[in-house]
Structure formats: C-alpha cells, structure tokens
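Structure first, then comments.
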Amino acid sequence: MTDSAPSSTGSSADKSPRRVVLVDGSGFIFRAFHALPPMTSPDGTPVNAVYGFCTMLMKLREDTKPDHMAVIFDTKGKSFRNDFYPDYKAHRPPPPEELVPQFGLIRDATRAFNLPSIELEGFEADDLIATYARQAEAEGSDVIIVSSDKDLMQLVTDRVQMFDAMKNRTIGAAEVLEKFGVSPDKVIDIQALAGDSVDNVPGVPGIGIKTAAQLIDEYGDLDSLLERAGEIKQPKRREKLIENAELARISRNLVTLKTDVPVVEPLGDFELREPDPEVLLSFIASHGFKSLISKVKSKFGGDVEFDSPTAAGVGVNDIKVEKAEYELVQDEDRLKHWISEAEYLGTVAVDTETTSLDAHTAKLVGVSLSTEPGNGCYIPLGHVSGEAQGGFDFGDNPADSPSNSKDAPKQIKLERAIELLKPLLEDPGVLKVGQNLKYDMIVLARHGIKVAPMDDTMVLSYVLDGTSHGHGMDELAELHLDYKPISFKDVCGSGKTQITFDQVPLDKALDYAAEDADITLRLHRLLKPRIAQEHMASVYETLDRPLVPVLAEMEGLGVKVDAEILKNLSEDFAKRMAALEETIHEMAGEPFNLGSPKQLGEILFDKMSLPGGKKTKTGAWQTGADVLEALAAQGHDLPAKLLEWRQLSKLKSTYTDALAHHINPNTGRVHTSYGQTNVNTGRLSSNDPNLQNIPIRSEEGRKIRTAFIAEPGHKLISADYSQIELRLLAHVAEIDALREAFKNGEDIHAATASKVFGVPIKGMDPMVRRKAKAINFGIIYGISAFGLANQLGIAQKEAKEFIEAYFEIYPGIRDYMDEAKEFAKKHGFVRTLFGRHIHINGINDKNGMRRSFGERAAINAPIQGGAADIIKRAMIAVPNALLDAGLKTRMLLQVHDELIFEAPEDEAEKAIKTIREVMENAAHLSVPLIADAGIGDSWADAH
DNA sequence: GTAATCACG
DNA sequence: GACGTACGTGATTACG
C-alpha cells in the first residue's frame, strides 16, 4: 500500500494491484468504427472496429505495461438512470448496421486476448469503471482508464489517469482543466449545469461549460451555487438557475458515476494473463486481420509452427523451411517408428492418396501421417514408374535403362502396410485427424480398416464458420495459416496431360502428401479449441462428427440400381422426344435446337410473335416452365409440346442416361457422395450422382424410382418424417393452435384451410386445401404476398388477405418472424434448436432486395436447419438401434426428411418398427414427431 | 465459366 | 411509391 513505485513489474508478496488498466470497450467501439475505413472479414461481416480494437489492445499492453487489465462494456438494456429519468439517452439513434455485428465480435476479441470481458445488466460501462477505479485506488494502485469519454473525467485523480487510445494522449488533471475549466472533482457540477445533449442530460438551459466553470469557480460547488442563486447579478442567469434548480440536481444524479456497483468479478481476477497464441491467432486469422498475425506471433511467441518473428512480410508460416523433416517411408521399420510415435502422442493426422476423386472407385496409392506440426511422412504403396505411363517426358532418354523404367519404386507391400496401420487407425486411444476424412474412411474401409476415433478439420470448419467460406484444405490453409499449399495441379498437371497420383515420382509425392497431413494437423490445432470456445461442442460432438462414419458407411453400401430398367426408359424417352421434335419443328416452320432457350425464345416471341414475352436480365427471352405453361394455357400448341419435350429431355439426360454411368461395376450399385459442409442450413447435399432429386412429382419421372431396387431376398424401406418443418415451426414459434392440430393428428393443411377460410374439414374442396398448403409452406419460406400470389396464380391482394387471415389464426407466427429477423440482424446468424449457428448473408445489406432475401432466409433457416439436425440425430441412432435389435437392415440413403433402408425380406416389418421408433424419438418437441414408412421392391413401391 | 432450366425436400 | 421476392440444393445444356 505504501509502495510508491507503481511501474514496477516485478512480483512481490503483496498481492494488491499495482497498475490497473480499465478499457472502456463500448466507448472504443464507436470511435474506432467511425475513425477507421470499412473493412470486412472473409465472410463479409464488417470488422473495422474489431480490427481497431485488436490493434489497440496489442499496443496498450506494450505501452502501459499493466499487471491488471479488463475490458468493460455497456449492456444493451436500460440502466438504473432510466429509473429516475426515463429520457436518459433516449434520443440515441440506433447504431449503424455495420456496427451491430461487431459488438459481439469485440467481446470475442477480448476473450481471445485472454482478458476479462466485464459487463453488468442495469449499469453502464462508466459505472463499472468508476467502481473498479475507486477500488483500485483505495488499494493504492495506479489506474489507467482507456477512454476519451468526458463523462469519465470526473474520476481523474493523482492515481487515476485516462488514456485516449485513438489519439495516443494521456488525460490527467491538466487536460480535464482544459476541457471543463475546473479540477476533476468539480467536473460533475459542471456537467450538471451544462447538461449534455448527446446523453439527453438536461442541465440548466442557457448555461454551457464556460459559464458553469465561472459559476462553480465563484461559488465553490453546485449546492452552494443553487442556495445562493439569488445573489447572481445577471438577471437572466439568476432566473434560469432558480427556476431549474431541480433539473440541475437531477442532472447531477445522472452524470454522477456510481462507485459502488455490486460487481461480480473481483479486481484481483483482472491479473494480466498471456493470451493463448493459438486461440488469438485463430481469432485474428478467421477475421482476416492478416497484418496482425506476424505481430501477434512475435509478441506472444506461439507454438513451434509459428516462431519466425524475423520473417516480416513473408509467409509467416513458412512450411517449406521445415519440409526437410518430411520423410519418405519405404521400409517397415520406419513405418513402425511413425506408428509408435503416433501411439505415444495420441493424435495423428492421416491422409490417403488415391487414383481418383471418387472414393468408391479410387485405388489406394499411399498414406501420409503427421504427428506434430512441421513433421510428416509419406508411405507410398501403389506407385508405378512415372515414365512407364508416358504423359511427361515421352521419348526422353529412350536408351536410359529402359528395362528399369517399368519397375515400380521401392515401397512397402500394400497388404503389409495395411496390417501395420490397422491397429493404429482403429486404436480407441489415438485420435485420427483428417481433412474430409470421410473420403479416406471409405477408401480404407475397402481395406478392412474402420477408422476411429476421428476428427475432421473440414467438418470443424463448417460447424464453426458455416458456409461463409469454403472448407477445402487449400482455402483453410490460406485463411488460417496464411500458407498456400502445393496444389494438386502442380503435382499431377491438369487437362489432357493430367496423370494419376500413382504415376507421381516419389519425391514430388512426398512433398505434396506429407504437407497435406502436416497442414491438417495444424488446422486441427487451430480449429478444435474454437469448438468449445464458441459453444459449438454439442453441435460438433453430437451431430456432425458422429455423422461422418455413418455417411461413410451409407456411401460405401450404395443402392442397387437396375441398369436394364434405366435403359428401357431411356429408349422410350428417346423415341418420344424424336417424335415431339419433328412435330415442333413443323409447327415452328423451321428446325431449331429445342434445347436452346435462346433459339426457342426467338421462335416464340420474334418469329411467331406470341404475347407475354419477357426478357431476362441478360436480354434473352424468358422461356421457363411458367412462361410456357401460360402460353399453353392460352391454347398455343408449340409451348405445350415443348414442355413435354423438356420433361423427357431432363429425365433422360439427368437421370436415366446419367444414372446408368454411375453404377459401380464392382458392386453393381450406385454410390452417391454426401456433402456435409455444403449447405448453409445444416442439411446434407448429395452429388455424383445427386440421389436427393430423383423425380417423384410427375408420373413419367416417378418411373425412374422403379430402377432403385433391393438385392434378391431383400426389400427397400422408405421412412419419412411427416410435416417435420411445420411441426418444428409450431414448436419453436409456440403456436398453440398449430400444436393442438398436430397433437390431435389432424390433416394440417385441411385444418389450416378450415380455420383460414372458415369451411368445414369434411367435404372440403381440394383447391381450398391446396391454398392452405401453399400458405403453410410460404410461412416456412418467409412469406410474401407476391410469392404466394405467384405460387397460387391469384391476385396479390387476395394473397395478402390470406396471409393476414393466417396471422390471425396462428398468432405468434409474426412474433417468431420478427424475432428471427431481429436476431439475425444483430448477430449475423440464427440458431437452430440444437445450437447450430446459421450465418445469414445480406441481413444487414444496404440493398433492400438482398436484405429481404436475408430476412426470409433468417425465418427459414432455424426451421430447415432444425429439421436437418433432427434427421441427423436419427441417422446416428438408427444404425446402432438396428444392430442392437439383431437386424441386418442397412441405411442407404437420406433425402432431407426421408431415410431409405435395405432389409432382408423376413425382418423388414421388424426393422420398420425400430426405425420409426428411433426417428420419432430423435427429438422431443411440444408436438409429436411422426415418421411414416413403407416397404417395396423398388423405391417407387416403398414410398 | 456463367446463365438458364428443372429435378428434389 | 417502386423495386423484386418465396427457403435450400445439384446436374445438364448452351453459349461466349
């Protein structure tokens, strides 16, 4: 307490703070926001104030050398001041929309710097600062308040200083005197008299700072002044003071900072801690603050992979320097060495190299491992001689050991390597880390290895950042590590001269493959800690991570498709298309390419001069189905025929022809690939081929489903959630009437129709039900009168009335929509029931159209995303439940709200029971979840 | 590589 | 008052 060497940074037994820095976080945000040019993070979020904040914190630590430090924020709501003066800060305009998302980010930044982030409901940051400042002062500490807010100047004493971080200026008693004309202890009285228009503090009208200072100088303090106001010589001033004495006292209460706030965190907890470099770097990198990366690294050191403090301006994560450590593993002893290293450390990054992007046909060529950032090895297993395959160097050195060029390079035998690697990759005590590990798991599963436990950096990245950026390894490396990995093209070439990886010379293969494993491990170290920090543990651990092996299993199984049926359909479609083509050409009076919208538009609207032609934004005629349907309805035959042709063309090219090519010759089945990180809302996607858009709505298209069949002695089971999105809406928006309808098992569209249109359910006109169905869907999509009118082909006015009626029937919907929009505007994302964050693009866009788009997405995302979460839970649970029940039924496909299984005929009924049971209990909502299921010989029959 | 179209939930 | 909009995907084809 008596120690007068405040700048001493040495430790002493005395635990009292010596140098306490209190940062006015809220004040800083606004100033930085207006002072700095606009900046956006890679995902488009505005971040200029966050950037300014980070640089400020860095500098502050350097310049002020604190031993205790905290950042203090305002809370959003009202403060105690509003209790006695409701108008306090009432005229504040809402913050600019570019600033809104930064409030949360600044708190995140504070935590990333490992600093306490302090706020308390009902109190302003200023009061908390005042309380802590006085506490610290009482303990004999020096205090620096980082703020330039004049409201804090009343706190200045010989131990308490302010610091303007933007201007780099210290504010002490002298500066306060300059500003207010009085010493800091009189500042309150000045403010009480002069008021403050910004905060809506009234003060005494007609008295500004100058006059106030004069008066206080003369009368000593506010109370004396008001008591002796009658003595004032200037009549106007005298009257005003007497008249507004009470207002001055209220103002004083408003501007007086509270120094006895019941703070939660004790001052001692502000003891300065070093930030975790990985956490901090990951925060900084993910927001695109590239210029800060090297600063942080040199200041806080960081892990082995980050220590290149002298490499200013160059790639700070220069992997190439350490590439020498990559090892080509060509004999068993070295492989065993790497395996035991991985066993010892408990974590290993794994990557496989193969001959194809398609995991189901790819041949394993090699495996790379990394156990620590900066190290890595590549184990070639299926390389052939590059020269023997031609491609490069054809004809080069023809006489140079021709017989040797056909020999494969030295490598461990594939079977032996698998034998050695299997115990490691299956060891429950060793975490296997991969980038898109599902791919490697599928390849390795064909060699009898079931990789577990696992983490996937691609999935980690998706859970953390959604689709604000891609999750490919090269992109993640550039984003998080500021490093551009060797590209696949560099190694294998592209286009006609592209070679497969088994032809890559071993030295090049080593560089590329080992680097991939190394980078994967580095990414894992950056991303994994963020999962807990950003409260995504539940989403990652219970949904997306456990789903990876489930998807790998489904993709590996594939679904049987009958090539013969597809071929017959193709032929049928081709014949009918040819006939239609001839007819259409005749009608047009000239031949043209039916598949060219451009030519079609010219025929219809230029040559035939049909009415209602509209141009696309590129100036071409619109020839979409809706346009052609309108023309057909007016009795024009050509558009009608063309629609028919288009349907057949689509079915043939996209389905019957394409699907046949996807039948794997080894399995006779079609193996799709599920994208787990492609969809913003958390849904899966399916590609190569897409099995989530197999036709069903049209009679013709539905035939394609007859080609999806079960193995002999088996059946297909299709189980789908009934109205899962509407049920979720009823639950999250708390719509009692909708909940009741579901609880009573009503036909939800009919029930809606009955309520909206006031007609009985019994004997209802199907058209009326259809309208209600469209509204129900519209609600989920963030309804607009225009959209609904378009959907139903009715007037916009009528659509608007329907929507109004709907809102009446189901009160609560509107609130839900408003809340979803508001939340998205504020945070830039919305949340599903299970905590998944869904980034909403454009929600704060200046462009009204893009903003509306964002608003509708904000309404839809929690519902679509929530449904996606639920079926993911079911997918994780069902296979285990089937195993537990001793069943051989296997899950093959997912189509958003539907799961397809293949079951031995004799157990199909039993399997359905288990499947429905699990699906219906995948979530417990305030409405029942219902799964319907069917059995059949084909997908068409099972549905 | 992009735009237009259309298949699905 | 006008603008322009249903939410989320993937595959194919034409075309510059």
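Each reported figure results from applying straightforward, stated rules to the coordinates on display, with no laboratory input. Keep in mind the model is a prediction, meaning the values are calculated, not measured. Ideal geometry is used to build each Cβ from the backbone, glycine not excepted, and the neighbour counts take in all protein chains shown.
Is the stretch A:724-862 rounded, prolate or oblate when judged by the Cα gyration tensor, a ≥ b ≥ c being the square roots of its eigenvalues, rounded requiring a/c under 1.5 and prolate requiring a/b larger than b/c? Because a/c hits 1.5 or more and a/b fails to exceed b/c, the stretch A:724-862 counts as oblate.
Among the GluC sites (Glu not before Pro) within the stretch A:789-870, not one is in coil by DSSP while having at most 12 neighbouring Cβ atoms inside 10 Å. Peptides A:334-341, A:916-923, A:48-55 ranked from most to least packed by the mean count of surrounding Cβ atoms within 10 Å: A:48-55, A:916-923, A:334-341.
Descending by average beta-carbon neighbour count within 10 Å, the peptides A:86-94, A:445-453, A:713-721 line up as A:713-721, A:445-453, A:86-94, the highest first.
Legend: residue pairs A:Lys413/A:Lys496; A:Lys438/A:Lys715; A:Lys773/A:Lys800; A:Lys438/A:Lys872, Cα-Cα distance threshold 19 Å; pairs beyond threshold, A:Lys413/A:Lys496; A:Lys438/A:Lys715.
Each DSSP beta bridge with both residues in chain A is either parallel or antiparallel, and the antiparallel ones are about 65%. Normalised by the number of residues in chain A, what is the relative contact order in percent for Cα pairs under 8 Å and 6+ residues apart? With pairs under 8 Å counted, the relative contact order is 9 percent. With K and R counted +1 and D and E -1, the other residues having a Cβ less than 13 Å from that of A:Tyr219 yield a net charge of -2. Charges were assigned to the Cβ only: +1 to each Lys and Arg, -1 to each Asp and Glu. The resulting dipole of the stretch A:724-862 about its Cα centre is roughly 420 debye. Other residues within the sphere of radius under 11 Å centred on the Cβ of A:Ala719, judged by their own Cβ, net out at -4 (K and R +1, D and E -1). The mean sequence separation of alpha-carbon pairs under 8 Å and at least six residues apart, normalised by the residue count of the stretch A:752-828, gives a relative contact order of 23 percent. Computed from Cα atoms, the angle from the helix A:748-757 axis to the main principal axis of chain A rounds to 60 degrees. What is the calculated FRET efficiency for A:Asp87 to A:Thr618, with r their C-beta to C-beta distance and R₀ = 51 Å, to the nearest 0.05? Approximately 0.40, to the nearest 0.05. Here A:Lys150 is the anchor, and the lysines within straight C-alpha reach of less than 16 Å, apart from those fewer than 8 places off in the same chain, are A:Lys89, A:Lys167, A:Lys179, A:Lys186, A:Lys210, A:Lys258.
Straight-line cross-link partners of A:Lys762 among the aspartates and glutamates, defined as a Cα under 17 Å from its Cα and at least 8 positions apart when in the same chain: A:Glu746, A:Asp747. Loop-located trypsin sites (Lys or Arg not before Pro) across the stretch A:576-659 with a Cβ neighbour count of 10 or fewer within 10 Å are A:Lys617, with loop assigned by DSSP.
Candidate cross-link partners of A:Lys652 among the aspartates and glutamates, defined by an alpha-carbon separation under 19 Å and a same-chain spacing of 8 or more, comprise A:Asp562, A:Glu564, A:Glu571, A:Asp572, A:Glu581, A:Glu582, A:Glu644, A:Asp688, A:Glu699, A:Glu700.
Amide hydrogen proximity for A:Leu328: with H placed 1.01 Å from N in the peptide plane, the residues at 5 or more positions away or on another chain lying under 5 Å are A:Tyr378.
Ordering A:Ile783, A:Ile930, A:Ser649 by Cα displacement along the dipole of chain A toward the positive end leaves A:Ile783 in first place; charges were set at the Cβ atoms of Lys, Arg (+1) and Asp, Glu (-1). Angle of helix A:277-286 to the longest C-alpha principal axis of chain A, folded into 0 to 90 degrees and rounded to 10: 70°. May I ask which residue of A:Ile694, A:Leu292, A:Gln796 lies farthest towards the positive end of the charge dipole of chain A, with charges of +1 (Lys, Arg) and -1 (Asp, Glu) on Cβ and the Cα centre as origin? The residue sitting most towards the positive pole is A:Gln796.
The dipole here belongs to chain A: it is taken about the Cα centre, uses +1 on the Cβ of Lys and Arg and -1 on the Cβ of Asp and Glu, and is about 2300 debye.
Taking the Cα centre of the stretch A:663-772 as origin and assigning +1 to Lys and Arg Cβ atoms and -1 to Asp and Glu Cβ atoms, the resulting dipole is close to 200 debye. When you filter the trypsin sites (Lys or Arg not before Pro) in the stretch A:112-192 for DSSP loop state and at most 13 other Cβ atoms inside 10 Å of their Cβ, you are left with A:Lys167.
Look at the alpha carbon pairs under 8 Å that are at least 6 residues apart: their mean separation over the length of the stretch A:35-150 gives a relative contact order of 31 percent. Prolate is the label for the stretch A:19-270, because the ratio a/c of its alpha-carbon gyration tensor axes (a ≥ b ≥ c) is 1.5 or higher and a/b is greater than b/c.
Between A:Met166 and A:Asn666, the contour length at 0.36 nm per residue exceeds the Cα-Cα span by 173.2 nm.
Taking the charge dipole of the stretch A:19-270 about its Cα centre, with +1 at Lys and Arg Cβ atoms and -1 at Asp and Glu Cβ atoms, the residue from A:Phe163, A:Thr75, A:Ser141 reaching farthest to the positive side is A:Phe163.
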